[in-house]
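Scroll down for the structure; my scribbles are underneath it.
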Amino acid sequence: METGKYFESNHKKLESISDIENQWAVAIFKCREHIRHRLKKKTLYGAHTEERLGMDPFDYYLDYAYSAILSGNWEWKNKYSLSEQMVVIVESTLSTEVEKTKTTKAKENKTVLVDDKLFYNMEDRPTEVDMTREILYAKQISVIEDAIKEDSELEFFWDCIKESMKRVEIAELMEKTPKQLDKVRERLINKIKNSPFFELDQ
Amino acid sequence: MQKSNSEILNHFYSLLIEMNFYRSEEDIFLEKKYQDDPFIMKHLRQIKLKTAKYRVVQNKHNYSNILTEFKRLSDIGFDEIKKFLNPQEQMRIQPLFRKFEELTEKDKTSIEEDQELLQLIVALKDKLDKPEDE
């Protein structure tokens, strides 16, 4: 167990937060959501199995992220809140684990993590889609489209997703604030979360 | 161009990731609801433990650096160091040097808490490391 060169600056930031327990709880919550959505991208499963990591992937990536901040081995950048910095570390570690499972040639192409890549990493897409997986994808899409039928707001939201629009673009087009758009997302998730086709995908 | 189902779902999850990242932190937990979540509580306990452990490691590291610096100052010798000090500083450091020469284990522990001594060591280190700038 060793401390790093960012120990003092990271701890100074932590000490300046008045409701620190709540902020850590938010960070854990957001990281868990991030890992959950990332693991749903089926092609990455192999890199994140409990067998490979030696522990549950949620525990593994979270432990890595807060240890990196607390030890001072990872710089907590001024532009990020605690939860954002934690998600950035989790994403970087997830990507590193994926890289480890790729070929040597792919490993040499070291990628730089920028905000957009944090969310829209097209390398996650499967390169070979087998018949079983294609049937599952088709079923999932039909579950979503059945669930939102006759709800014009959700249908509009889904159309935006199918057009590969990002958060800001969707909010602008739907004339919503980010907070209002978050409620739309929540309604969509609530409609599909109990579907066995999405449970299977977790 | 028609998108495949995998492309649509991939974008769907990517959008969820983006929205999660920017989600308002104030809205996530109202009235400390996280206390009902065993996963979050388990990791909060781990964070408390790790915070304490890393602080101990860092304190040891700081202490070791202080002793190394003190040893360096001692090797240079008080007469040499005096050249970098004003009379007031010389008066302050003289008894401290004697203290260092007779250092016991108990004293070593108290050095870490002796803010006056620590500030003096830092000031001396700066003067010795950058004599050209003076």
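Taking the listed residues B:H11, B:H61, the one that is at pLDDT below 90 and at the interface with another protein chain (Cβ under 9 Å from one of its Cβ atoms) is B:H61, with no other qualifying. Scanning region A:129-165 for residues that are part of a loop (DSSP other than H, G, I, E, B) and either exposed (fewer than 13 other Cβ atoms within 10 Å of the Cβ) or touching a Ser or Thr at 6+ places or on another chain (Cβ under 8 Å) (or both), we see that the one that is farthest from the other protein chains (Cβ to nearest Cβ) is A:E150.
For region B:20-74, the candidate set comprises residues that are closer than 27 Å to A:Y60 by Cα and aromatic (F, W, Y); within that set, the residue that is surrounded by the most Cβ atoms within 10 Å (Cβ to Cβ) is B:Y54. Cβ-Cβ distances below 8 Å connect the following pairs, each with a first residue in region A:67-79 that is within 8 Å of chain B (Cβ to nearest Cβ) and in contact (Cβ under 8 Å) with a residue 40 or more places away in the chain, a second residue that is part of a loop (DSSP other than H, G, I, E, B) and surrounded by 20 or more Cβ atoms within 10 Å (Cβ to Cβ), and a separation of six or more residues or different chains: A:S71/A:T3; A:G72/A:T3. Against the numbered list (1) under 30 Å from A:R167 (Cβ atoms); (2) more than 10 Å from every other protein chain (Cβ to nearest Cβ); (3) within 30 Å of the chain's Cα centre (by Cα), B:D36 comes up short only at (3). Scanning region A:166-199 for residues that are under 19 Å from B:H11 (Cα atoms) and assigned to a loop (DSSP other than H, G, I, E, B) turns up A:K166, A:K193.
Listed here are the residues, each with its yes/no results for (1) modelled with pLDDT of 90 or more; (2) assigned by TED's automatic domain parsing to the domain that holds A:F119; (3) surrounded by fewer than 19 Cβ atoms within 10 Å (Cβ to Cβ); (4) more than 16 Å from B:E25 (Cβ to Cβ).
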position	(1), (2), (3), (4)
A:I20	yes, yes, yes, no
A:E33	yes, yes, yes, no
A:G46	no, yes, yes, yes
A:E51	no, yes, yes, yes
A:N78	yes, yes, yes, yes
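Residues in region A:178-191 that are facing chain B (nearest Cβ under 10 Å) and either hydroxyl-bearing (S, T, Y) or buried (at least 16 other Cβ atoms within 10 Å of the Cβ) (or both): A:L181, A:D182, A:V184, A:R185, A:L188.
Taking the listed residues A:T111, A:T93, the one that is assigned to a helix (DSSP H, G or I) and either among the β-branched types (V, I, T) or at pLDDT below 95 (or both) is A:T93, with no other qualifying. Tell me, please, whether a residue that is more than 7 Å from every other protein chain (Cβ to nearest Cβ) and under 16 Å from A:V26 (Cβ atoms) can be found in region B:17-29. Yes, the conditions are met somewhere in region B:17-29.
The values are calculated or read from the model by the stated rules, or taken from the named source; none is laboratory data. In this text the structure is predicted, and so the values were computed from the model without any measurement. FYI the Cβ positions are ideal-geometry reconstructions off the backbone, even for glycines, and counts take in every protein chain you see.
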